[in-house]
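The values are calculated or read from the model by the stated rules, or taken from the named source; none is laboratory data. Keep in mind it's a predicted model, so treat the numbers as computed, not measured. Positions of Cβ are generated from backbone atoms using ideal geometry, with glycine treated the same way; all protein chains shown enter the neighbour counts.
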Amino acid sequence: MASVIVGIAGGSGSGKTTVVERLVDRLGTGTAAVIAHDRYYRDQRAIPAEARATLNFDHPDALETELLVSHLQSLRAGRPVDVPVYDFSRHARELRVERVEPRAVILVEGVLVLADALLRDAMDLRVFVDTDDESRYARRLKRDVADRGRTAESVQSQYVATVHPMHVQFVEPSRRYAELIVTEGGFNDKGIGDVLTRIQSLRSD
């Protein structure tokens, strides 16, 4: 049986990762594989380190989405793929890759996964995680400082310069392509349940 591919989009800090973690837990060991869209940021090692931080990483062009689409096609066909590893502190890909094996369910998580038509077409189910701006910013600030080696000032500057404007231009409009909306991320038990029900229905078709 071909993999069921589920796209989970939403603004930065909306709770997508928590939703994915809860889905993986409920689906059971070995059932789902997870691929984050932001693993596919284009390699910027050729650009001086100081200049990398000024790039707009919130525009769709910053991502090698065509490679992700190719990987999803391979996984659906039962072939493993080598997913890039991205170093967010350096704004560059690492030389190593990580092997992802085909699974019954492939969860594709990212801010812009519903903003690209080819990527949307590769999905069997499209989900949007909807959380208010204030909560999303607070979560992003905490994550980027703790996990990505950023300063609070750089996070705030990037949010004002690109994150929020690109959210308005690309992320929020992509919501209309979602078949299911999960409000407040992983805290929404009913929303998680609705997604699971749809996944199970797709698996049984």
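Per-structure values
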read-out: Selected residue (criterion: surrounded by the fewest Cβ atoms within 10 Å (Cβ to Cβ)) from residues of the stretch 175-195 that are under 19 Å from the mean Cα position of the chain (by Cα) and more than 28 Å from L63 (Cα to Cα); value: F187
read-out: Where a residue in the stretch 89-117 is of a type in the set (S, T, Y) and its partner, wherever it lies, is surrounded by fewer than 22 Cβ atoms within 10 Å (Cβ to Cβ), with Cβ under 9 Å and at least six apart; value: S89/R148; S89/G149; S89/R150
read-out: Single residue of A53, A9 found to be under 11 Å from the mean Cα position of the chain (by Cα) and either among the small types (G, A, S) or modelled with pLDDT under 95 (or both); value: A9
read-out: Complete set of residues in the stretch 185-205 that are in contact (Cβ under 8 Å) with a residue 12 or more places away in the chain and more than 14 Å from I8 (Cβ to Cβ); value: F187, L202, R203
read-out: Subset of the stretch 125-174 (residues that are closer than 15 Å to P60 by Cα and either outside any helix (DSSP H, G or I) or not acidic (D, E) (or both)); value: T162, V163, H164, P165, M166, H167, V168, Q169, F170, V171, P173, S174
read-out: Helices (runs of 4 or more DSSP H) within the stretch 1-110 that include 1 or more residues among the hydrophobic types (A, V, I, L, M, F, W, C), surrounded by 19 or more Cβ atoms within 10 Å (Cβ to Cβ) and touching a Phe, Trp or Tyr at 6+ places or on another chain (Cβ under 7 Å); value: 65-76
